[in-house]
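Nothing in this text is a laboratory measurement; each read-out follows from the coordinates by a stated rule. This is a predicted model, so every value here is computed, not measured. Cβ atoms come from the backbone with ideal geometry, glycine included; neighbour counts cover every protein chain shown.
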Amino acid sequence: MDKNKNHREVQLLLNKPNELVAHYQSIIEIVVSKFVSRGFFDSEEKKDVIQNINEALLEKKMGSIQRNYNGSVLLSTYFSKVVYNHCLEIARSKKNQTRIGSEDLLQNHSDTNISVENRLILKDEINRIQVILKGVIGLSLRVLIALKLYARVPLTKADFQGKMIPEDDLFNGFKKAFFHPFDELNDKEVYEKAIPFLNKITSKNTDADSMRKWVNMQIDKIIQLQDGEPPRSKHSRDTIRILLQMFFEK
């Protein structure tokens with residue numbers, strides 16, 4: 001513990017609390033940045049959150065720190081915890097606010113009148129799902145095909161690049177069914193047509209219904225990750241389908 005530095009900061013707390021707030025701006029920024037990186041706040045909100053924290057500190061929280069700080073830890077550590085807790089308060093308040101979310105924008109993503117701001121929101125959603133798919137779910141060949149089938153995005157030869165796939169009757173039947181738009185097929189029909197080829201290339205032995213349930217489990221996981229914690233959106237399977245289409249077709 002740097003006793004001299006901590007002593008100087010304690011003296012600021014007792015005699016010039018407003019100066020201590022100015023002195024600790026770097027701490028506030030670090031804590032808020034961590035909340036941004038974890039998805040609690042958008043990067044565009046960072047300055048507003050910092051301002052909210054400063055106002056709360058100057059108006060009421062410094063008095064509480066003066067009364068409750070007992071010297072058992074560095075004042076900077078105690079201060080960081082106060083800022084962290086206030087960030088949680090802001091995040092919880094934000095969670096309860098009613099606002100138009102990205103899931104609503106996705107329903108109208110083809111509207112040419114969508115504002116620049118909302119287009120940036122959609123771009124952020126696509127970037128977010130890209131991180132989820134590549135960094136968390138993992139885009140193995142099986143997952144890639146399954147998600148494209150779910151999203152009704154036609155497969156291409158590029159999807160099998162680097163894979164030794166014999167062009168036999170099974171693969172030709174798969175190409176005939178899924179290398180062009182197949183929106184007319186329902187989920188049951190999609191998996192019944194796809195499962196023989198999928199079983200072969202993944203060395204699995206499953207049926208169409210099990211495949212459907214497994215895909216739905218992946219979609220539910222994506223929804224949870226895309227919404228964030230605390231939730232920043234309220235996606236459904238339909239909006240994730242649209243988001244997957246945008247991701248695969250970009």
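Reducing segment 128-144 and segment 1-38 to their Cα centroids gives an inter-centroid distance of 40 Å. Helix 25-37: angle to the longest alpha-carbon principal axis of the chain, degrees 0 to 90, nearest 10? Approximately 20 degrees, to the nearest 10. Ranking Ser37, Ser26, Asn70 by Cα position along the charge dipole of segment 3-95, where only Lys, Arg, Asp and Glu carry charges on their C-beta atoms, puts Asn70 farthest toward the positive end.
Panel order for His7, His86, His235, by other beta carbons found within 10 Å of each beta carbon, from fewest to most: His7, His86, His235. Positive-end ranking of Leu12, Phe182, Pro166 along the dipole of the chain, with charges on Cβ about the Cα centre, is headed by Leu12. The dipole here belongs to the chain: it is taken about the Cα centre, uses +1 on the Cβ of Lys and Arg and -1 on the Cβ of Asp and Glu, and is about 780 debye.
Split the chain at each of the GluC sites (Glu not before Pro) in a DSSP loop with at most 12 other beta carbon atoms within 10 Å, and the longest piece is 1-166. Dividing the mean sequence gap of close Cα pairs (under 8 Å, 6+ apart) by how many residues the chain holds gives a relative contact order of 23 percent. In this structure, Glu249 and Ser203 have a Cβ-Cβ separation that, at R0 = 30 Å, corresponds to a calculated FRET efficiency of about 0.50. Mean residue ellipticity, 222 nm, helices only, the chain: the sum of -39500 (n - 2.57) across DSSP H runs of n ≥ 4, divided by residue count and rounded to 500, is -20500 deg cm²/dmol. The relative contact order of segment 102-249 comes to 35 percent, based on Cα pairs under 8 Å that sit 6 or more residues apart.
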